[in-house]
């Protein structure tokens, strides 16, 4: 099931006995678990019927004993296991049904979770937050989960999809965001959706319903220099504005903590890779270019102008330069220059 389907069913009070929430992106896992924790039971019901535990503090027999309890003065009880990936043997043992301990005695190898999934308690809503990984599909528990309840995999979002995600998230909150503002947030906050959502929520506190989040608002509240940031550096390079590009890279060198080379180089690599890709696109309609490059249509004209400034061969050369300076910044290639000096050299070579 998708995130929207799960939340939609929960809002309709259609509950499953087991929710197994897994995957590399914790944002959606936390969102589903938080909804169940906050909305399924009333405050009075939660006192006796809601249990929230952490995987590292739990074992399977204890968890199953929680799940098999019946609710008190409520239709349901909720059991939420946070960080369930730390719960030992949650996927089931792969060895034979019995194993011998070092002391020579047979140890308990019952697959408690699998046995519970065979007949889950209908009045229990068991939520397992299995973050940053997925359950081994070869185990019996994994094969039974789909029949027993809801399995949701929260996949990591690609960096080029973050601006679109920001736009949709802001719209869901009753506001709008300028495309440049969404791109700035993506550039500076990365693909950590929890962090991005948290920053968006902060921005929305002082806005009226329907107000737009501007690039200026993002710059002022997320610690981004209005004139000296990766977004403006790309614009300066795209326009071959030597003075502006050097001003920005000098600022980066003077403020390395806020503008680390390890952050800047991947962004420049992605930028010139997009320009190289643009040279091979035959259908130059705005929406088609935006789709292939993974950018908002608002920015297509900027990429078109930059592609005219840099030929296909020039893009290939610049990508090679960026790779070379990335190796130097990591100490793989010998260099006596500091990060600021490396960036100045790179920008010079890109522009000349």
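With a/c under 1.5 counting as rounded, go ahead and sort region 1-79 into rounded, prolate or oblate using the C-alpha gyration tensor (a ≥ b ≥ c being the square roots of the eigenvalues; past the cut-off, prolate if a/b is larger than b/c, else oblate).
oblate
Apply the a/c threshold of 1.5 to the C-alpha gyration tensor of region 155-256 and tell me whether it is rounded, prolate or oblate.
Taking the square roots of the gyration eigenvalues as a ≥ b ≥ c, region 155-256 is prolate.
For the chain, what relative contact order do you get, as a whole percent, if you take Cα pairs closer than 8 Å and at least 6 residues apart?
Values: 489 pairs, mean separation 54.3, N = 352.
After rounding, I find 15 percent.
Between 293, 205, 273, where does the largest GNM mean-square fluctuation fall for the chain, given springs only between Cα atoms within less than 10 Å?
With Cα springs under 10 Å in the chain, the top fluctuation among 293, 205, 273 is at 205.
Counting other beta carbons within 10 Å of each residue's own, what order do 121, 2, 282 fall into, fewest first?
282, 2, 121
If you bin the C-alpha pair distances of region 173-213 every 10 Å from 0, what whole percents do you get?
The distribution over region 173-213 is 29, 59, 12, given as percents.
Report, in whole Å, the centroid distance computed from the Cα atoms of region 20-85 and region 217-233.
Going from one Cα centre to the other spans 41 Å.
Any idea what angle helix 300-309 forms with the longest principal axis of the chain, computed on alpha-carbon atoms, 0 to 90 degrees, nearest 10?
Long axis of 300-309 versus the principal axis of the chain: about 40 degrees.
Based on DSSP H runs of at least 4 residues, each adding -39500 (n - 2.57), what is the mean residue ellipticity at 222 nm of the chain after dividing by all its residues, to the nearest 500 deg cm²/dmol?
Helices in the chain give a 222 nm mean residue ellipticity of -16000 deg cm²/dmol.
How would you order 217-224, 74-81 from highest to lowest mean count of nearby Cβ atoms within 10 Å?
74-81, 217-224
Take the alpha carbon gyration tensor of region 107-155, find the square roots of its eigenvalues, order them as a ≥ b ≥ c, and report rounded if a/c is under 1.5; if not, report prolate when a/b exceeds b/c, else oblate.
oblate
Relative to the longest principal axis of the C-alpha atoms of the chain, give the angle of the C-alpha long axis of helix 26-39, reported between 0 and 90° and rounded to the nearest 10°.
For 26-39 against the chain, the angle is about 50 degrees.
Give me the number: length gained by fully extending residue 24 to residue 89, i.e. 0.36 nm times residue separation minus the C-alpha to C-alpha distance, one decimal in nm. Provide the component values of the computation, followed by the final result.
Working: separation 65, 0.36 × 65 = 23.40 nm, distance 1.95 nm.
Length gained, residue 24 through residue 89: 21.4 nm.
To test your reading of the geometry: what angle, between 0 and 90 degrees and rounded to tens, separates the Cα axis of helix 242-254 from the longest principal axis of the chain?
50
So for each of 164-175, 324-335 I average, over its residues, the number of other beta carbons within 10 Å; can you give me the resulting order with the highest mean first?
In descending order of packing, they fall as 164-175, 324-335.
Can I get the semi-axes of region 249-340's equivalent ellipsoid? Compute them from the C-alpha gyration tensor as square roots of 5 times the eigenvalues, in angstrom, largest first.
Its equivalent ellipsoid spans semi-axes of 29, 15, 10 Å.
Have a look at the DSSP beta bridges in the chain and tell me what percent are antiparallel, nearest 5. Intermediate values should be presented prior to the final figure.
On the way: 3 of 25 bridges.
Close to 10 percent.
Which three semi-axes in whole Å describe the equivalent ellipsoid of the chain, each the square root of 5 times a Cα gyration tensor eigenvalue, listed largest first?
Three semi-axes, in Å: 49, 25, 18.
Rule-based calculations on the coordinates, nothing more; no lab input. Computed from a predicted model, the values in this text were never measured in an experiment. Every residue, glycine as well, gets a Cβ built from its backbone with ideal geometry; the counts of neighbours run over all protein chains shown.
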